[in-house]
Amino acid sequence: MDRIPGIQFREYRLTNQCNTEWLENLCKGFARFLAKGWRQPLPSSTGQGLVGSSLEARLEAMSTGLPLRFQPLCQNVVRHLNNIKALPWVLTHGDILDTNIMVDPATGFLYGLVDWAEAEYLPFGVALVGLEEILGQMTADGFIYTTDAEHLRQTFHHELRTEIPDLCHPELQSTVSLARDLGVLLWHGIAFDDGLLNRVVQEGRDDSEIAKLDAFLGLKDSQAFKPRPRI
């Protein structure tokens, strides 16, 4: 923790001082962070990791094992998996949570991320799931977005397209959006279970993960949850 300056985003969030300008700076910083991966994709000599080498098996398990409302979206990702896998494979942080995001408390500048134990190369766009952790947080009532979440989402994507002009192409946008959905499913559709990563989440057992799936995929019928985002 002492190798990167600043404080944890969660620590600052608890002060209730996260205004729109501060969060705009963090969203822009996160976009620039992800753009670095696009410019430095997987070397051809590098093999795939635990998750990257088992995408088909994990999606197959979720396509039948997740609650019914998630299965059509999961099956749609399966149908487009070859296109997703054709994206650049980039070094992807495996645990983008507010405890692992280090920020400047004065400005919202992103200093970096800690805890890279679960990192591996995955298709670009998978890590976009981390944006949701910036735009909202879990509460006793489920995952709740900030009131300016959609403005912040637009700020993030504008910065990402500025850093990666290719993302202005509609076909590429669509594929990256699907990769983002894949990231949501991988991170919240598979239970961690002390690192085993081999069990599909279940309602009544993994309710916080189910709540995030509902929120991040736009399947919850509540004003507390935002529509499924597109790039």
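So here's what we get for this one:
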{"item": "Net charge dipole size for the range 48-155 [Lys, Arg +1 and Asp, Glu -1 on Cβ; Debye, nearest 20]", "result": "520"}
{"item": "Farthest toward positive dipole pole in the chain [+1 Lys/Arg, -1 Asp/Glu at C-beta], among ALA127, THR64, PRO165", "result": "PRO165"}
{"item": "Nitroxide proxy distance, nm - points 7 Å out along Cα→Cβ at ALA57 and THR15", "result": "4.6"}
{"item": "Size of electric dipole in the chain: Cβ of Lys, Arg +1 and of Asp, Glu -1, about Cα centre, debye, nearest 20", "result": "600"}
{"item": "Electrostatic dipole magnitude of the range 86-140 [Cβ: Lys, Arg +1; Asp, Glu -1; Cα centre; debye, to 20]", "result": "140"}
{"item": "For the range 1-125, fraction of C-alpha pairs farther apart than 17 Å, in %", "result": "66"}
{"item": "Between the range 127-195 and the range 11-55, the alpha-carbon center distance in angstrom", "result": "10"}
{"item": "Helical segments meeting 24 Å axial Cα length and Kyte-Doolittle -0.5 threshold in the chain (DSSP H)", "result": "20-39, 170-188"}
{"item": "Residue order, fewest to most beta carbons within 10 Å, for CYS168, CYS27", "result": "CYS168, CYS27"}
{"item": "Cα lying deepest toward the dipole's positive end in the chain, options GLN17, ILE144, LEU185, charges on Cβ", "result": "LEU185"}
{"item": "Rg [Å, one decimal], Dmax [Å, integer] - the range 79-157, C-alpha atoms", "result": "14.5, 45"}
{"item": "Cα-based equivalent ellipsoid, the chain: semi-axes from gyration tensor eigenvalues, Å", "result": "25, 22, 18"}
{"item": "Loop-exposed trypsin sites (Lys or Arg not before Pro) per DSSP, neighbour cap 16 Cβ within 10 angstrom, longest uninterrupted part of the chain", "result": "4-204"}
{"item": "Alpha-carbon radius of gyration plus Dmax, which is the widest Cα pair, for the range 4-66 in Å", "result": "18.2, 46"}
{"item": "Structure-based [θ]222 nm, the chain - -39500 (n - 2.57) summed over DSSP H runs of at least 4, per residue, nearest 500", "result": "-13000 deg cm²/dmol"}
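Read the figures in this text as sums done on the coordinates, not as results from a lab. Keep in mind the model is a prediction, meaning the values are calculated, not measured. Don't worry about glycine lacking a Cβ; one is built from the backbone with ideal geometry, like all the others, and counts go over all protein chains shown.
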